[in-house]
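Here is the structure we will look at, set down as structure tokens.
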Amino acid sequence: MSLFLCPICGAPLTREAQVYQCPGGHSYDVAREGYVHLLPANRKHSRQPGDDRDMVAARSRFLGGGWYGHLLETLRDLALRYAPGETVFLDAGCGEGYYTAGVTEALEAAGRTVRSAGVDLSKYALKKAARRSRETEFAVASVYHLPVADAAADLLLDCFAPLAAEEYRRVVKPGGVFLYVVPAPQHLMEMKDVLYENPYENPEQQVAYGGFSYLDVVPAEQVLRLEDPQAIQDLLGMTPYAWKTPQAGLERLAALEALTVTAAFRIHVFRREAD
């Protein structure tokens with residue numbers, strides 16, 4: 001039985017070799033790479049929703065270089081601290097599955113029994129995610145309409161994806177944990193200094209969400225020395241700054257041969273309260 005539900009009728013899906021099927025007769029083909037499309041047409045806001053091919057390629061190269069390895073290690077440590085012996089792990093907005101795979105592998109290496117799934121709007125990202133982790137289920141879906149049963153997840157990760165607090169409250173079981181990754185105040189500040197005339201820090205704040213209680217706010221920070229112009233452009237390309245920056249700022253960044261930049265994150269750790 002799959003962790004996913006039919007997006008049409010809400011019934012459980014069963015995965016066969018090349019198709020997901022529900023008892024109501026709805027079926028969804030498995031793509032060659034291994035992911036399934038569970039986003040109904042009436043929930044698509046564009047022809048190709050989610051990150052495009054170029055952004056996914058830039059992020060894949062950058063993460064593949066290990067530059068955000070300190071964030072992954074912090075997430076792995078938190079998963080090991082809070083996940084139970086038998087864990088259902090859901091990555092909401094999983095992208096190309098870098099963190100999905102890293103957290104799943106850490107839990108398995110510690111002897112936990114893990115069922116993991118990831119959802120994202122971008123089929124380009126999911127092609128890479130599904131190739132990376134064959135045992136994890138991946139689906140094109142919205143974090144605002146997760147094709148997952150109520151109280152299904154022991155551990156939910158949102159790493160730079162849109163926050164769907166009400167939907168997360170629905171799918172995380174009471175006592176389960178939600179990890180929410182956001183940029184720290186100084187995140188990429190040195191790159192912003194190059195791109196903009198008047199850059200500003202990200203806000204530092206704690207926000208309470210109904211149904212969740214705070215356990216911790218955990219930092220993950222490291223200063224990176226990028227000495228490859230391609231890595232600098234990949235870092236730009238995986239951020240919204242790539243299309244929100246005036247041309248002059250883009251040209252200043254493109255002229256750099258090296259860049260020292262702070263990669264700083266905050267992981268907000270929440271416990272799902274009992275209803």
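Identify the single condition in (1) over 14 Å from the mean Cα position of the chain (by Cα); (2) outside any strand (DSSP E or B); (3) crowded, with 21+ Cβ neighbours inside 10 Å that Val177 does not satisfy, given that it satisfies every other one.
Status for Val177: all satisfied but (2).
Out of all the residues in segment 196-215, is one or more at positive phi and either surrounded by 12 or more Cβ atoms within 10 Å (Cβ to Cβ) or among the charged types (D, E, K, R) (or both)?
Yes, segment 196-215 has at least one match.
Among the residues of segment 141-149, is any surrounded by fewer than 22 Cβ atoms within 10 Å (Cβ to Cβ), in a strand (DSSP E or B) and in the same structural domain as Gly175 (by TED's automatic domain parsing)?
No, segment 141-149 contains no residue that is surrounded by fewer than 22 Cβ atoms within 10 Å (Cβ to Cβ), in a strand (DSSP E or B) and in the same structural domain as Gly175 (by TED's automatic domain parsing).
Name the residues in segment 229-245 that are in contact (Cβ under 8 Å) with a residue 24 or more places away in the chain and either touching a His at 6+ places or on another chain (Cβ under 6 Å) or not hydroxyl-bearing (Ser, Thr, Tyr) (or both), would you?
Hits for segment 229-245 are Pro229, Gln230, Ala231, Ile232, Gln233, Asp234, Leu235, Leu236, Gly237, Met238, Ala242.
Go through (1) in contact with a strand residue (DSSP E or B) (Cβ under 7 Å, 6 or more places away or on another chain); (2) surrounded by fewer than 20 Cβ atoms within 10 Å (Cβ to Cβ); (3) farther than 27 Å from Tyr241 by Cβ; (4) not charged (D, E, K, R) for Ala110 and report which single condition fails.
(1)
Need pairs with beta-carbon distance below 7 Å; first residue of a type in the set (Ser, Thr, Tyr) and within segment 91-107, second at pLDDT below 95; sequence gap 6+ or separate chains.
Every condition considered, the pairs that remain are Thr100/Ser133; Thr104/Ser133.
For segment 244-275, what are the residues that are over 27 Å from the mean Cα position of the chain (by Cα) and not polar (S, T, N, Q)?
Pro246, Ala248, Gly249, Glu251, Arg252, Ala254, Ala255, Leu256, Glu257, Ala258
If a residue counts only when it is hydrophobic (A, V, I, L, M, F, W, C) and over 20 Å from Phe160 (Cβ atoms), which helices (runs of 4 or more DSSP H) contained entirely in segment 189-259 have at least 1 such residues?
Filter on segment 189-259 gives 189-195, 247-254.
For (1) more than 29 Å from Phe270 (Cβ to Cβ); (2) aliphatic (A, V, I, L, M), each residue gets a yes or a no:
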{"position": "Tyr214", "(1), (2)": "no, no"}
{"position": "Glu227", "(1), (2)": "yes, no"}
{"position": "Ala231", "(1), (2)": "yes, yes"}
{"position": "Gly237", "(1), (2)": "yes, no"}
{"position": "Ala248", "(1), (2)": "yes, yes"}
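The values are calculated or read from the model by the stated rules, or taken from the named source; none is laboratory data. All of these numbers come straight from a predicted model, not from anything done at the bench. Please note: Cβ atoms are built from the backbone with ideal geometry, for glycine as well, and neighbour counts cover all protein chains shown.
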